[in-house]
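Following: one structure in C-alpha cells, then a few remarks.
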Amino acid sequence: MEERLLGSEAKDISDLKGRIWIENKKIWKVGFPAALARVTQYGMFVVTQSFIGHAGKLQLAGMSSATETLCGQAFGARQYHMMGVYLQRSWIINLLTATILLPVFIFSGKIFRLLGEEEETASAAGYISLWFIPMLYFFSLAFSLQKYLQTQLKNMIVGWLSAASFALHVLLSWIFVSKLNWGIPGAMIAMNISSWLVIIGELVYVVGGWCPDTWRGFTLAAFTDLIPVIKLSISSGLMLCLEFWYNAVLVLLAGYMKNATTQVSALSICLNITAWEFMLCIAFLTSASVRVSNELGRGDAKAAKFSVKVILFISLCLGAFFFIICLAFDSQIAKLFTNEQMVIKAVSNLSLLLAFSVLLNSFQAVLTGVAVGAGRQSMVACINVSSYYIGGVPIGVILGYVAHLQIKGIWIGMTIGVVMQVMVLGYVTSRTNWDEQVKKASERLNSWFLRPSEESNNENFIRESLNG
C-alpha cells in the first residue's frame, strides 16, 4: 500500500514537472520575441538620443492593449476570423487618435513658449516634434499589428523584424549624422525609415498569406461595434499613460530641489536602468496577457490559473537576478552613464532602492498582464491612480521636501506607490474566480461576434466595390 502511494506521488510530481515544462515553452514562445522587439525598439530611441541629444516618448501603446485582450480571447475561442476584424477596428481607432493628437506636434513650439520655456528650447522642441509626426502614425499601426500577431503565437516575426530594424537604424544614423552631417534631420530620417520598414514587413506577413485563418481581407465589419472597443482602448491608454507620466512627475519634482542638475541626472540614470529592465519584464506582461486571454477564450479556467503561477515564478527569478546585479555593482552602474562624481555618488545612494524597484517590476508586469488578458484595464487604471498619485507622489513630496531626504525621499515614495500597486493587484489576482472570468470572456466574444451571414454580406459588398 505504501509503495503504491509513493508511486502515485512520484507520478504526480512527474506530471507537474511536465506541465511546468510545457507551460514554460509556451511562455517563452511569446516572451522572447516580445522582449527582443521591446528592447530593440527602445534602443532605437536611445541611439537617436545619443546622436541628437533628445528623445521623445509616445503613449499610443495603450490604445492597442484592447486588441491584445480581444484577439487573445478570440484566438483561444477559435473564432479566428474575428481577429482580423479586431485588428482593423484598432487601426481605425488608433489612426483617428493620432490625427487628433497631430496639432500638438505641429504647434508644440508655440505650446512650449506658452508654458514659459526659453525661446531656444521651444524652437528646438517644435522643430524635432515635426519630425516625429511619421512616428506618431507608425505607433498607431505598429502596436496593433504586434498585439494581433502575438495573440496567435506568430510574434517571432515581430522580434526578428525589430532586431533587423535596430541594426539598420544604427547604420543609417552613423551614415546620415556622422558621415553626411545631416544633424537632427539625418537622425530622424534614419529612425523613420527603420521604423516603417517594420510596418511594411509585418503588413506583408499578414496580408501576404501567412495568417490565413485570422486575416480574410478588409471588411466593413471593422466599422461596426466600435464603442465597446473605444471604451476598452481608453481604459488601456489611461492604464499605461499613468505609469509613464509617473516617471515624468518624479523628474519634475527633482528639478525643484537644491543642486537640481545633480538630482535630475541621478534620477534620470536610475529611471533609465529601470526602463531597460522593464523592457524585459514587458515580455512577461505580454506572455501573461496572451496566455490568460487564450485560456479564457478556450474556456479552461484551470489552465489560466496555472499559467499565472508559472509566469510569476519565472519573472520573480529574473527580478531576483537584477536585484543582485544592482547591489553587486552599486556605483559602477552610474559610471556607464557619467563621469561626474557627484552624480555617481547620488546614484550609489539610491542603489538599494533601485534594486527593490527592479524586483518589483517583475511582479508588477506579470500582474498587469494578467489583468489585461482578462480585460480588466479599467480596474488597473484605477489602481494606478490610487497607488501612484494618491499614495506614491504625496509621500515622495513629504519625504523629499519636508523630511529633507531629497531625491531619496522621492524614490522611496515611488517605491511605496509600486508596492501598493503590486499588493492590490496581487490580492485581486489571488481572489479571482477564473470560472467567472471564462464566462465573462465568452459573453464578451459572443456579444461582439457578427453573424456569418452579416460578415459574408459585408465581405461580398467590399469585393464588389473593389471590382466595380
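We did not get these values from a lab; they are worked out from the coordinates using the rules stated. What you see is a predicted model; the values in this text were computed from it and never measured. Cβ atoms come from the backbone with ideal geometry, glycine included; neighbour counts cover every protein chain shown.
Points worth noting:
- Spin-label model distance (nm) - D15 vs C317, 7 Å beyond Cα toward Cβ: 2.3
- The slack in the chain from K309 to L130, taken as 0.36 nm per residue of separation less the alpha-carbon distance, amounts to 59.9 nm.
- Calculated FRET value between S123 and L102, using beta carbons and R₀ = 25 Å, to 0.05: 0.80
- I22-D330 pseudo-label distance in nm [points 7 Å out on the Cα-to-Cβ vector]: 4.8
- Cα centroid separation - region 390-446 against region 349-384, whole Å: 7
- Distance between the 7 Å Cα→Cβ label points at H404 and D300: 6.1 nm.
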